[in-house]
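Following: one structure in structure tokens, then a few remarks.
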Amino acid sequence: MDLLEPLDAAMITAELISGPLHTAALLILSPPADARSGYVEEMYQEALTDTVELDPRFRRHPHIGVDTAGIWVWRADGSVDMREHLQRRTLPAGGDREALWKLIGELHTEPLDRSRPMWMTYLIDGLEGGRFAFYLKVHHTVVDGVAGLKMIADALTTDPESRSMRPIFAIGPKQPAEPAGNSRGLIRNPLSIVRSALYGVTSGLGLVRQLAIGEVSKVIASLGAGTTVLPFGAPYTRFNGRVGRERTFAGAGWSKSRVRAVQKAAGVTGNDVLTAVIAGVLREWLTDHDELPDRPLVAICPVTVRSREHMTDEEGHGNLFGLELCPLGTNLADPVERLNHIHRAMTWAKQQVASRGSNATTLLLAPSIGPTVLLPMVPFAPRLRRGYNLSISYVPGPKAEMYWNGARLEEIYPVSTAIDGQALNVTMCSYADQVTFGYVSGRNVMPDIGSLIPLTERMLAELETAVGVTS
């Protein structure tokens, strides 16, 4: 039997309580100049009848029953009906980005059917200027991680004249698909990283040495510099409650050159700038709702332990991330002071992941992660401090402009997972000369999530002014 990894099985079971645990990516494309009338419909019909060989991960689904002695196993489907995994949606006449975000929120709300391979693709047309979109949704037990964005990139090309290209979910020509038991994928979140860390901890002696009291004392000592937080160090906010049934989404993109200008002027990293922008957004949004706590909000952030230049094809599928908590300085009114605070915190976090390794670093956060995601499941849970408030992550995408069968890829948006206790997820993705922000939450938690987009522009402009650069 092809058994699910222990935490994969736990996620499948927990989904009955916590809500959908899938992740997604949204690709917005413009048709080629020679596209005929009915281009999108023709593309859709061809996809339904395509006979390409699917990646094995897109053929399997979880199963439990008497025949498996109550153990979760993977079952592979010999044939897959594409009509069950590829659907078409059309926005109302004059559909704008708000209409698209609304639709994405609705699609992201729907759970995946576990009786068949747990993925869906939606072809969406009706966008302005004849543009169309692909929304690809995959369960976290099937794929997760930066390797999934690479999977998408491998299905694209830099050649606008290339045609007859394979779908994203087919086996690629560059490398064979991973074995069914080796899960990787789209957009990484704390649940998937914890799963990888716990599953990979088999060399116990080295881990014990890393978790010795001397190592833990370093964490405690670092509190004096304000670079980390102890368990239950984050204030309770609405993001720490139940996410609710319905999801909501908003996204937008900005030029990388603006981020680089602030980065250079302030002497920090690009990720520091992006995180500081989000911190400013949350400070303003909570202030507008009269909910800004005195203590700084805390984000849980994946931290890479390997440089992008050293990510070969073989390495690209490994566990490259640890987890660290980043105090966001939302109690600081000065944007430069907030940026420097984040820079110090993330510099320390990278040092810890590099010195301890991703597994040990993640396990040290168990006292923060566990109560944050478990307490909301308890009826009438007290509104006390939590380990963190939200998840913030960054995914590097293709550096060059990409095409799919002549259609130009204009934007990529990560649509990640919001869960009870972590009801706001912010994921950023770089592509060509821009970086996009994807905000995901619950409709009851952030009914006005679209207001975060103008706030993001405002906070980026505020940083530019504060460090003396112009957009």
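Of all the accessible heavy-atom surface of the range 331-390, with the other protein chains kept in place and a 1.4 Å probe, what percent is carbon and sulfur? Show your work: numbers first, answer last.
Details: 1690 of 2690 Å².
After summing per-atom areas, the C and S share lands at 63 percent.
Can you work out the FRET efficiency for the pair E401 and D67, with r the C-beta to C-beta distance and R0 = 45 Å, to the nearest 0.05? Don't jump to the answer; show the numbers that get you there.
On the way: r = 50 Å, r/R0 = 1.11.
It comes to 0.35.
Working out 0.36 nm times the residue gap between E42 and M1, then minus their Cα-Cα distance, what length gain in nm do you get to one decimal?
On the way: separation 41, 0.36 × 41 = 14.76 nm, distance 4.05 nm.
Separation in residues times 0.36 nm, less the Cα-Cα distance, equals 10.7 nm.
Hey, with R₀ at 30 Å, roughly what FRET efficiency would R295 and D448 work out to, going by the Cβ-Cβ distance, to 0.05? Provide the component values of the computation, followed by the final result.
On the way: r = 24 Å, r/R0 = 0.80.
Efficiency computed from Cβ-Cβ geometry: 0.80.
What do you get when you divide the Cα radius of gyration of the range 407-467 by 2.2 N^0.38 Å, with N the number of residues? List each step's numbers first, then the result.
Working: Rg = 13.7 Å, N = 61, 2.2 N^0.38 = 10.5 Å.
Relative to the rule-of-thumb radius for its length, the range 407-467 sits at 1.31.
Once you have the Cα-Cα distance between A432 and R260, take 0.36 nm times their residue separation minus that, and quote the gain in nm to one decimal.
Working: separation 172, 0.36 × 172 = 61.92 nm, distance 1.37 nm.
Net length gain for the segment: 60.6 nm.
So for the pair I17, E98, with labels modelled 7 Å out along Cα→Cβ, what separation do we get in nm?
It works out to 3.9 nm between the two label points.
Using 0.36 nm per residue, how much length does the chain from A76 to D34 gain when fully extended, once their Cα-Cα distance is taken away? Mind showing how you got there, number by number?
Numbers: separation 42, 0.36 × 42 = 15.12 nm, distance 3.98 nm.
So the chain would gain 11.1 nm between A76 and D34.
Which entries in the list K150/K399; K256/K350; K102/K137 go over 20 Å, if you measure between the two C-alpha atoms of each? Don't jump to the answer; show the numbers that get you there.
Values: K150/K399 12 Å; K256/K350 23 Å; K102/K137 16 Å.
Beyond 20 Å between Cα atoms: K256/K350.
Give me the Kirkwood hydrodynamic radius of the range 333-471, using the inverse of the mean 1/r over all pairs of distinct Cα atoms, in Å to one decimal.
18.1
Taking just the alpha-carbon atoms of the range 1-139, what radius of gyration and Dmax come out, in angstrom?
Expressed in Å, the Cα Rg and Dmax of the range 1-139 come to 17.6, 57.
The values are calculated or read from the model by the stated rules, or taken from the named source; none is laboratory data. Just so it is clear, the model here is predicted, and its values are computed rather than measured. Every residue, glycine among them, receives a Cβ derived from its backbone with ideal geometry; neighbour counts consider all protein chains shown. Protein only, heavy atoms only, side chains kept; ligands, DNA and RNA dropped before computing areas. Shrake-Rupley method; radii C 1.70, N 1.55, O 1.52, S 1.80 Å.
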